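Inspection log for the structure reproduced underneath, given as structure tokens.
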Amino acid sequence: MQNIAAIDFGTSNSTIGLMQGGKPVLLSPEDGKRAVPTALFFPHGTLGQSKPVHGNSAIRAYLNEDQGRFLRGLKSVLGTNLFDEITWAGGGTITFLEIIAAYIGWLTGIAEAETGRPITHLMLGRPVHFLTNQPEADALAEAQLRSVVASLGIPNLAFLAEPLAAAYHYEHTLTNEELALIIDIGGGTADFSLLRLGPKLAENPDRSADILATHGLRLGGAMIDQSFALAEVMPTFGMGSEIAGYTGAKGLTVPMGYFMQLTTWHRIHRMYEKATLQEVRTILNQEATEPEKLERLLTLLEERGGHRLMLDVEHAKIALSTEAETLLNLNWIEKSLALPLTQPALKTSIHGWLTTLTESIQHTLHLAGVSRSQLTTVFVTGGPSAMPLVQATIREALPTSRILVGDQLTSVGTGLVLAAHRHFSA
Ligand SMILES: Nc1ncnc2c1ncn2[C@@H]1O[C@H](COP(=O)(O)OP(=O)(O)OP(=O)(O)O)[C@@H](O)[C@H]1O
Ligand SMILES: [Mg+2]
């Protein structure tokens, strides 16, 4: 007997869903929420016996300063050779295959508990491209996901591009045919599809003739957080601060690589390594011209607080979707330290990101051979689509289209359930 489920394995958030009573339903893996953070925490424990916690519980365990390894941004490892790296977690070593399997297996376990049977067929969403301008990485990423799913004992797997899933979710609500641009901006990637949608077309099992273009690149909320942190937060921790080189050379600054790592989720832990700490101490003691900033950096690393800082930057960014100004509290680094963050500062720091978004929209229209005036609707989904700056950029690029903002965290997941049902039951 078939048991079909669909997972939107996102960079930031994931969902698992299935059909119940003829309707697509997303399950609530924890806290009554349908979209749960793509995060894991492996508590320090006996080698091979450490059981990870998942989702919000993982974030809580990390913020609670439990001892262990916190992982987020796992999807960014797919399509790269980092996937083959062995890393430490829970008092032993583990591969990324095992880590991602621990997360996906948690989700399929929720569906199995719900249905009382093992999952036999799984539909997984995937970005149009896992990496920018590296189409060869896509086959590698799919192969890596295949091995993850095979390790869970699930025999049937299919993939669907995330913006197509969002399109099918949106199509579900239509009564007339239209030409729509679907934009799914997530934590890691922005994905575009331009297609003909409509209730009649939806019945057609092969939709390839309706898909006029797909496009995608690494342009997600995590890059917004990175640009924002680099512009507004990292200078407080010594970014750009001059150091006096051993030779007395002028114009040297604290290595930029530190700040790039500290703002890249799947690389933050590398900054906690002993050698890095030693280097920072040396700079602080011998070369720093603004030692107070290096002191903060050292405290951040000693506290293993890089993840916490980026979580706080992300929350500040989200707050700025509805508030003009917010305060980034850093008193856990230094007494009374707090940085005011404003909407104009956010706008300035992500200017390049917004320009790339505009160019990507134009590129997708060009690929489809469709002019702006021919587009009926733009359907936007994914977390960052809640940002007024993102909505304004899309409106400016497509002034005559109807712009709809979909359910930001569940559109892709719901569309995947519909597509899974269609694909596997056919
Ligand atoms: N209200 C908001 N304002 C601004 N950004 C938001 C808001 N809500 C969520 N985000 C951002 O959206 C991103 C996550 O979006 P989403 O859950 O759609 O991504 P994902 O599906 O996990 O990633 P991907 O599809 O790229 O793999 C995060 O960067 C988060 O900070
Ligand atoms: Mg997504």
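None of the figures in this text is laboratory data; all of them are computed from the coordinates on show. Bear in mind that the values here come from a model prediction, so they are computed numbers and not experimental data. Backbone-built Cβ (ideal geometry, glycine too); neighbour counts: all protein chains shown.
Taking the highest mean first, how do the peptides 324-330, 389-395, 69-75 order by number of other beta carbon atoms within 10 angstrom per residue?
With the highest mean Cβ count within 10 Å placed first, the list reads 69-75, 389-395, 324-330.
Determine ³J(HN,Hα), in whole Hz, for all residues of region 281-289 in sequence, where each value follows from phi through the Karplus function 6.51 cos²θ - 1.76 cosθ + 1.60 and θ = phi - 60°; x replaces Gly and Pro.
4, 5, 4, 4, 7, 10, 10, 5, 8
If you find the alpha carbon centre of region 387-426 and of region 18-41, how far apart are they in angstrom?
18 Å
Quick check on the chain: helices-only [θ] at 222 nm, where DSSP H runs of length 4 and up contribute -39,500 (n - 2.57) each and the sum goes over total residues. Nearest 500, please.
The per-residue figure over the chain is -11500 deg cm²/dmol.
How many angstrom lie between the Cα centre of region 305-325 and the Cα centre of region 94-158?
Between the Cα centres of region 305-325 and region 94-158 lies a distance of 30 Å.
Roughly how large, in nm² to one decimal, is the mean projection of the convex hull of the alpha-carbon atoms in region 301-385?
Spelled out: convex hull of the Cα atoms, projected over all directions, averaged, 7.8 nm².
Output the 0 to 90 degree angle, nearest 10, between the alpha-carbon long axis of helix 306-319 and the longest principal axis computed from the alpha carbons of the chain.
With rounding to tens, the tilt is 60 degrees.
Once Rh is set to the Kirkwood radius over Cα pairs, what Stokes-Einstein translational diffusion coefficient, in µm²/s, holds for region 359-426 at a temperature of 37 °C and a viscosity of 0.692 mPa s?
242 µm²/s
Give the calculated FRET efficiency between Thr173 and Asn204 to the nearest 0.05, with a Förster radius of 25 Å applied to their Cβ-Cβ distance.
For Thr173 and Asn204, the calculated efficiency is 0.90.
At a 10 angstrom cut-off on C-beta neighbours, averaged per residue, how do the peptides 284-294, 408-418 rank from highest to lowest?
Descending packing order for the listed peptides: 408-418, 284-294.
If Lys and Arg each add +1 and Asp and Glu each add -1, what is the summed charge of the other residues whose beta carbon sits under 9 Å from the beta carbon of Gly188?
Around Gly188, the surrounding residues sum to +2.
With r as the distance between the Cβ atoms of Lys274 and Leu337 and R0 = 25 Å, compute the FRET efficiency 1/(1 + (r/R0)^6) and round to 0.05.
Computed FRET efficiency for Leu337 and Lys274: 0.45.
Taking region 169-229 as the region of interest, what is the percent of Cα-Cα pairs per 5 angstrom bin, listed from the shortest bin to the one with the maximum distance?
4, 17, 21, 19, 13, 11, 8, 5, 3, 0
Could you tell me whether region 74-135 comes out rounded, prolate or oblate from its Cα gyration tensor? Rule is a ≥ b ≥ c as square roots of the eigenvalues, rounded for a/c under 1.5, then prolate if a/b exceeds b/c, otherwise oblate.
It comes out oblate by the Cα gyration axes.
What do you get for the angle between helix 136-151 and the principal long axis of the chain? Use alpha-carbon atoms, 0 to 90 degrees, nearest ten.
80 degrees
Mind giving me the FRET efficiency for Asp31 and Met1? R0 is 30 Å, r the Cβ-Cβ distance, nearest 0.05 is fine.
Using R0 = 30 Å, I get an efficiency of 0.45.
Determine, for each peptide in 202-214, 147-159, the mean count of other beta carbons within 10 angstrom over its residues, then list the peptides with the highest first.
Most protected by this proxy first, the peptides run 147-159, 202-214.
Computed over the Cα atoms of the chain, what is the convex hull's projected area averaged over all directions, in nm²?
Computing the convex hull of the Cα atoms and averaging its projections yields 22.0 nm².
Normalised radius of gyration for region 1-112, please: alpha carbon Rg relative to 2.2 N^0.38 Å, two decimal places.
Working it through for region 1-112, the quotient is 1.11.
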